[in-house]
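J.: One structure, pasted below without further comment.
The values are calculated or read from the model by the stated rules, or taken from the named source; none is laboratory data. Bear in mind that the values here come from a model prediction, so they are computed numbers and not experimental data. A quick note on method: Cβ atoms are made from the backbone with ideal geometry, for glycine too, and the neighbour counts reach across all protein chains shown.
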Amino acid sequence: MPNPVVLVHGFASSFQHGWAEDGWPDLLADEGREVIGHDLPGHGTAEKPTDPAAYAGMEAEVMAGFADHPVVDAVGFSLGARILLTIASDHPERFGRLVVMGVGANLFRNEANDALADAVEHGAPPDQIGLRVFEKMASDPRNDRRALAAVMRRVPPPLDAARLGRVSCPVLVILGDKDFAGPADPLVEALPDVEFVSLAGVDHFATPKDFRAIDAALRFLSA
């Protein structure tokens, strides 16, 4: 039997918005895969505390979602990709194959993002286009702006080349060449067993919807 596939969505999204609406669960089911997915704390249907300390255990909560499976494959986007790489660096034996999208050099900035948190909670200056995109996402009625700001104010477990070097499973990195998370080079160089796909003309938020990303991920997971 093939491994189940864990899907972990990005910031200000949810399993439904980040994966189901783009067809990922159905496509994986067509491949005979069990799909494991839930909403990250502070997102979707999950609880939405407004204290950053409440989000210290996000990695443990994701792991609890596949506690009954000794080995899984997984796909993560943005925040979800960072969480999966953190778990895989500490528990490499739990993953068969891993796909990470929308991450690159940004993973090596190991601090809370106060500017983004302030924009999400209170609004962004008119000239800060990048922050205004996140503000717009957070203002979706499905989201709680204060909870999402708390997610951004948490200090994530640090990632560096040494820690990422412990990720022993094959990893596919997918990154658009217009993505602010890039370049991908530091991440690709740190992972021992890695493939890289660059999506021409694609920005951060378009990546999980891009047919090239979906096709590359499905092919990699079935290899």
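J.: Examine segment 43-63 for a residue that is buried (at least 16 other Cβ atoms within 10 Å of the Cβ), touching a Cys at 6+ places or on another chain (Cβ under 9 Å) and either assigned to a strand (DSSP E or B) or of a type in the set (Val, Ile, Thr) (or both), and state whether such a residue exists.
T.: There is no residue in segment 43-63 that is buried (at least 16 other Cβ atoms within 10 Å of the Cβ), touching a Cys at 6+ places or on another chain (Cβ under 9 Å) and either assigned to a strand (DSSP E or B) or of a type in the set (Val, Ile, Thr) (or both).
J.: Taking segment 16-36 as the search range and keeping residues that are more than 19 Å from Phe205 (Cβ to Cβ) and small (Gly, Ala, Ser), which one is surrounded by the most Cβ atoms within 10 Å (Cβ to Cβ)?
T.: Among those residues, the one meeting the criterion is Ala29.
J.: Please enumerate the residues belonging to segment 153-187 that are farther than 30 Å from His122 by Cα and among the hydrophobic types (A, V, I, L, M, F, W, C).
T.: Across segment 153-187, the qualifying residues are Ala161, Ala162, Leu164, Val167, Cys169, Val171, Leu172, Val173, Ile174, Ala184, Leu187.
J.: A further question on this structure: Looking at this structure, is Val188 out of contact with any helix residue (DSSP H, G or I) (no Cβ under 6 Å at 6 or more places or on another chain), at pLDDT 90 or above, β-branched (Val, Ile, Thr) and surrounded by fewer than 17 Cβ atoms within 10 Å (Cβ to Cβ)?
T.: Against the criterion (out of contact with any helix residue (DSSP H, G or I) (no Cβ under 6 Å at 6 or more places or on another chain), at pLDDT 90 or above, β-branched (Val, Ile, Thr) and surrounded by fewer than 17 Cβ atoms within 10 Å (Cβ to Cβ)), Val188 qualifies.
J.: Which condition does Pro156 not pass, out of (1) part of a helix (DSSP H, G or I); (2) out of contact with any strand residue (DSSP E or B) (no Cβ under 9 Å at 6 or more places or on another chain), if it passes all the others?
T.: (1)
J.: It is to be established whether one or more residues within segment 111-124 are closer than 25 Å to Val6 by Cβ, out of contact with any strand residue (DSSP E or B) (no Cβ under 6 Å at 6 or more places or on another chain), outside any helix (DSSP H, G or I) and modelled with pLDDT under 85.
T.: Yes, segment 111-124 contains at least one residue that is closer than 25 Å to Val6 by Cβ, out of contact with any strand residue (DSSP E or B) (no Cβ under 6 Å at 6 or more places or on another chain), outside any helix (DSSP H, G or I) and modelled with pLDDT under 85.
J.: Of the residues in segment 3-30, how many are farther than 21 Å from Ser78 by Cα and modelled with pLDDT under 95?
T.: 0
J.: Looking at (1) small (Gly, Ala, Ser); (2) at pLDDT 95 or above; (3) in contact with a strand residue (DSSP E or B) (Cβ under 8 Å, 6 or more places away or on another chain); (4) part of a loop (DSSP other than H, G, I, E, B), can you tell me which one Ser168 breaks?
T.: Ser168 satisfies all of (1) small (Gly, Ala, Ser); (2) at pLDDT 95 or above; (3) in contact with a strand residue (DSSP E or B) (Cβ under 8 Å, 6 or more places away or on another chain); (4) part of a loop (DSSP other than H, G, I, E, B) except (3).
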